[in-house]
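Taking it in order: structure first as structure tokens, then the write-up.
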């Protein structure tokens, strides 16, 4: 029974890595991934630990982001003190999908300091980003990045929002593509991030 459990876990992690590497096929992979998570009833802490160890990428040097006032800073400077959580979204993503994830973030991380969670967009102007934030009625910190800055990332080739934890060395880890039909999975992911990355006074 124990061996079977680890076999199921290995299959789930394998599918998740495929979601990251072969993002164009995520509709099929997400369905299989979601089904396995629901059916296997595995300990999701083990699942997120496996994600932590197997999914990451390094951002190119020289990437900058801008806040709602147009102030431009190096992307990695956001994590100069401690890691930060990034929720990557764009205008082409399903609006209801983005909104539901933002609501989950705000409810799951309500006691976390504002400077530890950011929504990353790619609008042509800062004003467009501000309008988008108001439209979503979000209190999170929104930052904007030039679309071409991330053009070489496989994840950018899809049409789904995703999460990652940014470190000061430009390493992005804990990559997570939320499933619209699995709110619990997103909530558990955020709890794991909160406990292991965002709370520094443990």
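The values are calculated or read from the model by the stated rules, or taken from the named source; none is laboratory data. Keep in mind that what you see is a predicted model, and the values were worked out from it rather than measured. Heads up, the Cβs are rebuilt from the backbone with ideal geometry, glycines too, and the neighbour counts pull from every protein chain shown.
For the reader, a short list of remarks on this structure follows.
- Of the strands (runs of 3 or more DSSP E) that lie entirely inside region 141-202, not one contains 3 or more residues that are over 21 Å from residue 121 (Cβ atoms).
- Evaluation of residue 104 against the conditions (1) within 21 Å of residue 195 (Cα to Cα); (2) part of a helix (DSSP H, G or I); (3) touching a strand residue (DSSP E or B) at 6+ places or on another chain (Cβ under 9 Å); (4) at pLDDT 85 or above shows that the sole unmet condition is (3).
- The set of residues from region 107-129 being surrounded by 16 or more Cβ atoms within 10 Å (Cβ to Cβ) and either in contact with a helix residue (DSSP H, G or I) (Cβ under 8 Å, 6 or more places away or on another chain) or not in a strand (DSSP E or B) (or both) comprises 108, 109, 112, 116, 117, 118, 119, 121, 122, 123, 126, 129.
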